[in-house]
Amino acid sequence: MFDVTKISDITEGGIRKTSFLTCPEVCSMQIDIETEGDTIRKVQYIQGCHGNTQGVARLCEGMKKDEVIARLEGIDCRGRGTSCPDQLARALKML
């Protein structure tokens, strides 16, 4: 119901670049994630609350994906049942 959809997944030089479409209940439309092993190198939200999504993205850089999942999973935005941070956690679980 609130799941993300993987739309691309490419690995080049040990860097995995994966893009996900978010569910319609959130403001962002897409999340692009770069990982190296289990470490997040970069996160970019397409659309959404620009300041908040930029902040979440920068805070995640350099963190292990399991730690980010543990911190962001289940965050709810205004009773929608999910949020932009929760969508990131759902995407990371698919990596």
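The values are calculated or read from the model by the stated rules, or taken from the named source; none is laboratory data. These numbers were taken from a predicted model, which means no experiment stands behind them. Neighbour counts are summed over all protein chains in view; Cβ atoms, including those assigned to glycine, are modelled from backbone coordinates with ideal geometry. Ligands, DNA and RNA are stripped out before the accessible areas are found, and what is left, the full protein with its side chains, is counted by its heavy atoms. Shrake-Rupley method; radii C 1.70, N 1.55, O 1.52, S 1.80 Å.
Accessible surface calculations at 1.4 Å, restricted to protein heavy atoms, place the chain at 57 Å² per residue. Report note on the peptides 28-34, 10-16, 61-67, 85-91: ranked by the mean count of other C-beta atoms within 10 Å, highest first, their order is 85-91, 28-34, 61-67, 10-16. Hey, how much of the P(r) for the chain falls beyond 15 Å, as a percent of Cα pairs? Summing the P(r) of the chain above 15 Å gives 54 percent of all pairs.
Of the residues 59, 21, 92, the one with the largest accessible area comes first in the ranking 59, 21, 92, computed with a 1.4 Å probe on protein heavy atoms. Using alpha carbons only, how many degrees (0 to 90, rounded to 10) separate the axis of helix 50-60 from the longest principal axis of the chain? So the inclination is approximately 40 degrees.
Net charge dipole, the chain: roughly 120 debye, given to the nearest 20, about the Cα centre with Cβ charges of +1 for Lys and Arg and -1 for Asp and Glu. Put 8, 83 in order of accessible area, highest first, and with a 1.4 Å probe you get 8, 83.
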